[in-house]
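Since every read-out is calculated from the coordinates, none of them should be taken as a lab result. On a predicted model such as this, the values are computed, not experimentally measured, just so you know. Virtual Cβ from ideal backbone geometry, glycine too; neighbours counted across all protein chains shown.
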């Protein structure tokens, strides 16, 4: 009787322990075939097949691993993206762990991506691998939705994505309050500090002046926190603190370059220097440190790569301070100023590899939160939800496109399909391909910009679909194709010859769209890829600007953006190409090339022509210099127009085009001037 009672007690105790251990837990043994309980924790691991469709089970054949790592799920071709659908409680923080253990490829490094997706954001990351101990990816996040999507994404033809286990753990309300619905914490390290190690927390002490160099004598210091004070100057040399693991200096007035000696701290794992006045480029050695978590937001002239730098002759501090740079006319001073201009930098809003963490980075639209972690390939971006863009279901998209049966285009982002909504409106559906990370950035950039930019001469974004975890953009269908198609492409034979009046009308429409981006958008938008292929036409030949994937925003008080060169050969502003300084006038240059195209009827780069004629701009320039009055304009004009044009009108536009492609941007007209000039040319046609 006593033995039975004891056994019953043990059974009840074990049941209670198991329930407590896994209350609300989801522990998936990917590729597993049955429920198995971890005797050390009481957690039951279950197979993943009810949460995923597709893929196959593969054994790891490594008995040294935990039982829930001894199998995995592999996703073979033709699958490009496969997603787990995991239930979560809305607005409750939870811990997510992903393990990628297994699969050895002969002479190949496993290479694929995975994404973490909620109704609010999509985070794209590269999978990393390690068998012993197993590589773990750990996050803390929260969502207002009820489903979390973990998606495995193919990045090459040769490597099949795989995953070995997933853990989902709800956390108590109030834990990690810094995590919001559009951000995510990523674990860099978990450490235990013994009593023999010192921690100096001097945060929120209202400290002023410089950081005392005597701190460098505290050789047992593992953490130094000086957040939220009024400290000034630069950093003293603390390189003697060889066991220093965490240095927190946020919300002060520290200035100067980020010193190289920081990279000599072998144990450094956290460096928080946000909201100061540091400038220059973060040392590459510091970025390369293993397990370094770096936060630097709020330093207006500090960045990771030189090409992202912001050019300025003065620095604006976090608290509105302005440091004037006096002009002294002497060679040394000029050289110093040039050097200063070279290192004062502006961290670009897009094109970075980002991960959301505990803080926010303000943007002009105020809807993206991000934090950079060196050495990680990842991107996190909000999925928009605006009243001006509609969210379509997968069923609507499949019905509208007849199961995506009519492909009408292809780009670096993916494919475009023709469709028709239930109300009869024709649409073009752009589906994102996950093979190109750059395509993802461009695709999501376009969602953000077109969700708030609306004009009769911009292609209308009707909405998007994210229900299938394959992002789709839905546009109005432009049945007239592109201006490029009419001049040289597939529609050249479909439509009557494009006369001068029609060309002029299309040019005016495109110029009006460009003017809107500059003068009516807040913040203003620089398109960065103006070309005839991105001027789309409806059935009435109404022109509309399209493809905003490369576009950049610039605040109203900023005249330019320093960014990597993007665009299409033949259209790129040479000044932008050599300096990486992108301005409104860069778009004007590209538009000048478009004007030359509609006059000459030839591509900006045509390698089938003789050497002097390959480059349209270089071909036209000497001809114009020899004939400044354009008396021989007939030599330039597209022969397909059969002399059916007003010569004065063409000369008017030709002179405008030449001003648009001036080598110095200051000599080019504004987008508003371009609109006015084209209207002037149209008067000759009345």
Nearest-0.05 FRET efficiency for residue 49 and residue 569 at R0 = 56 Å, using Cβ-Cβ distance, is 0.70
Over all directions, the range 483-685 yields a Cα convex hull whose mean projected area in nm² is 11.3 nm²
Over all directions, average the projected area of the Cα convex hull of the range 21-179 and note it in nm².
9.5 nm²
Full-stretch length increase - residue 391, residue 659 - with 0.36 nm per residue and alpha-carbon distance subtracted
92.1 nm
Just to verify a number: FRET efficiency for residue 579 and residue 25, C-beta to C-beta distance, R0 = 56 Å, to 0.05?
0.55
Just grab the label-to-label distance for residue 455 and residue 237, each label 7 Å out from Cα along the Cβ direction, in nm (one decimal).
5.6 nm
